[in-house]
Each structure stands twice: as structure tokens, then as C-alpha cells.
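Encoded as C-alpha cells, the structure appears first; notes follow it.
The values are calculated or read from the model by the stated rules, or taken from the named source; none is laboratory data. Fair warning: this is a prediction, and the values are worked out from it, not measured in the lab. All Cβ positions, even for glycine, are placed from backbone atoms using ideal geometry, and neighbour counts span all protein chains on display. Side chains are part of the model used for accessible areas, which takes the heavy atoms of the whole protein and leaves out ligands, DNA and RNA. Shrake-Rupley method; radii C 1.70, N 1.55, O 1.52, S 1.80 Å.
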Amino acid sequence: MTQAKDFASTGDLGDKKICFTELGPAGSNCYGFTAEGDPNSGVIVGDDSVMVVDAQATPLLASKVIERIRGVTDKPVSHIALTHYHAVRVLGAGAYHASQIIMSDLAREYVAERGQQDWDSEFGRFPRLFEGHESIAGLTWPTATFSRSMRVYLGAREVQLHYLGRGHTAGDMVVYVPDSKVMFSGDLVEYRSACYCGDAHLNDWPATLDKLMQFDIQALVPGRGDALTDEAMIVEGVQLTRDFLSALYDSVKRSVAKKRNLKDAFDACNEAMQPRFGDFAIFEHCQPFNVARAYDEAQGIDHPRIWTAQRDQDMWAQLNG
């Protein structure tokens, strides 16, 4: 009898090695905070203050980003740019004491629609990423939002925020620093990590990547995985993301066309994806949620269904029990 797998990432308890890498040309003052497949953050040091891209899941984990910031500057953190609404990206925002917290309009709508359910869901899936969760004050709400593009000035330094289209969620934004040609993509791009697609728009995501690649980029911080520090790595990271998405969605669409049930679609998709992607970070964690969303989208369900802690458990038991 096959032993049931640990639920999501509840068995992932090991510490990850943190890297804090300066990106782009020397003296760019743009940094990637990465940790072996855990959620990444970005840091942009301006003339008079600092912007952080994605805040981490708790104030305690955010303090590890702040420690790295204090190693390079004593300027205050004035802005937090949150690439989307997921709890592991946003709930640590209070630790920075920033005056501005920015999301896209659509990301804020998702906080309102499903922010608490997402918090409960992610906490149950990946408890290690919520170390110090007792100090979370509540849901993170933006002080400013935008529909398409926004410019922020850290003194004279320009930072661009862009909504390029649906992908990892309906409301993902990217952060671009034109003077150093550094991009922070959030989870629109992953590097040797599984894409989490539980709230995705799989038909739209490739076109959003096309728009991202129209920028002049010398370095890119993905949502998970190592910072991409040259053109070859950027091309590889974006292509791996595309390949992962197409392998997932093409397999599930074939199953839906053949009228397979969700469990059979999941098994077929695993068989198709394991040889190439099975060793990617959080692959087994993501796969049930990814296949469930792909199965819905292939049947014409455009708006992703809300994940709750109970739905998570039920789905895992159905597909991996």
C-alpha cells in the first residue's frame, strides 16, 4: 500500500541558505533576497529611501530582509511594492514601517474577496514560512493602487510599477528600475521552482510573459529561485516558466477533452511532468492545486475558486491520499 504524502509542505522544516545579491551594473543599489526556493524579496535603494518588493509572510521573516538592508544602507524603507495578494508575500509588511504600501487594483480586490481564506490556507500548507505568525497584525491593505502603470520616485531615482496582464493571479504587477535595467517579476517568473497555479489564468500567462520580455532587462529577481544575473539566465528562467505552464495546461486540457475525472487528470499530468520538473522546488506541494485550477479553466471556469484550509485538505486527500 502506498504511504500517503505529507500534506503540502508541512514536512519541509529545514532552514534555507539566504543570499543577498546586488543586481545589474556595479553600484546599481538593487538587490535580490533569495533563499533556495522560498519566496524572494527585492530591495531598491534610492537617493533618500528604500523600496522593498514583496514583504515575506511574517514580521519575523521580514526582519531577515531588514537585516540585509541595514548591511548596505541606513536609509529608511519608505515603500513596499507587493506583486500580488498571496499571504507569503504580504503579511510581513508591518515590520518595515513604510509610509506607502502599493498593489495593483486587482490585487487589492483579491485581498477583499479572499485575503483571510488565503492566509488560513497558506498557513496550513507551509507552516515554516509563517515563523513568528503571532506577530502578524492582520491582513495587509495597500495605501495606494493603480490600474496599469505607476511611477515612484525615491529621491530622483525612478521606479516603475506595471500591470501587464493576468498570470500567476489576476492582479500581478512587476517592478522595473530603468536606470539599472533590473526587473522584479514576482511569481510571474520562477527559476527551477514549480509555478504555483492554484489562482492562475493559464491561458493568459504566456502573453503576460511576452510583455515582460519587451523590457530591456539585465537582471531579474523571480518569485522563487536564484536571481537571474545575465541575459542567458533570464531567457532560461522565462522559458522554464513557459515550459512548465504549457506542460501542465496541455496535459490537463487533453484529460478534460477525454472526459477524465480530476484524479485521473492529476495522475496523467504527474506522469507527463515528473521527468522534467519533478525535482523543482515545491513541485509536489503545488501539483494538486495546479491541476485542480487547470481542470477548472479547461472547463471554462474563468474566475479561480477560493482555496480554504478545508478545501486544501479535501483536495490533497482526493488526489494524494
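For the stretch 108-245, a crude dipole built from +1 on the beta carbon of Lys and Arg and -1 on the beta carbon of Asp and Glu, taken about the Cα centre, is about 260 debye to the nearest 20. Across the stretch 29-104, Cα pairs under 8 Å and at least six residues apart give a relative contact order of 30 percent. When the stretch 216-265 is described by a simple charge dipole with +1 on each Lys and Arg Cβ and -1 on each Asp and Glu Cβ, the residue from Leu228, Ser251, Gln218 located farthest towards its positive end is Ser251.
Calculated mean residue ellipticity, 222 nm, the chain: -11500 deg cm²/dmol, from DSSP H runs (n ≥ 4) at -39500 (n - 2.57) each, averaged per residue and rounded to 500. Quick check: net charge around Gly42, other residues with Cβ under 12 Å of its Cβ, Lys/Arg +1 and Asp/Glu -1? With Lys, Arg at +1 and Asp, Glu at -1, the neighbours total 0. Each Lys and Arg adds +1 at its Cβ and each Asp and Glu adds -1 at its Cβ; summed about the Cα centre, the stretch 201-312 shows a dipole of about 660 debye.
Around the amide H of Gly24, modelled in the peptide plane, lies no amide H under 5 Å away from a residue 5 or more places distant or on another chain.
Measuring from centroid to centroid over Cα atoms, what is the spacing of the stretch 247-321 and the stretch 56-77 in Å? Here the answer is 36 Å between Cα centres.
Keeping the other protein chains in place, figure out the carbon and sulfur percent of the accessible area of the stretch 142-239, with a 1.4 Å probe. Exposed carbon and sulfur together represent 46 percent of the surface. Distant-in-sequence amide contacts of Ile101, defined by a placed amide H-H separation under 5 Å and a gap of 5 or more residues or a different chain, comprise Ile80, Thr143, Ala144. Taking the DSSP beta bridges with both ends in the chain, the antiparallel portion is around 65 percent.
Surface exposure of the chain, expressed per residue as accessible area with a 1.4 Å probe, stands at 40 Å². Put a plus charge on the Cβ of each Lys and Arg, a minus charge on the Cβ of each Asp and Glu, and nothing anywhere else: the dipole of the chain about its Cα centre is then about 400 debye.
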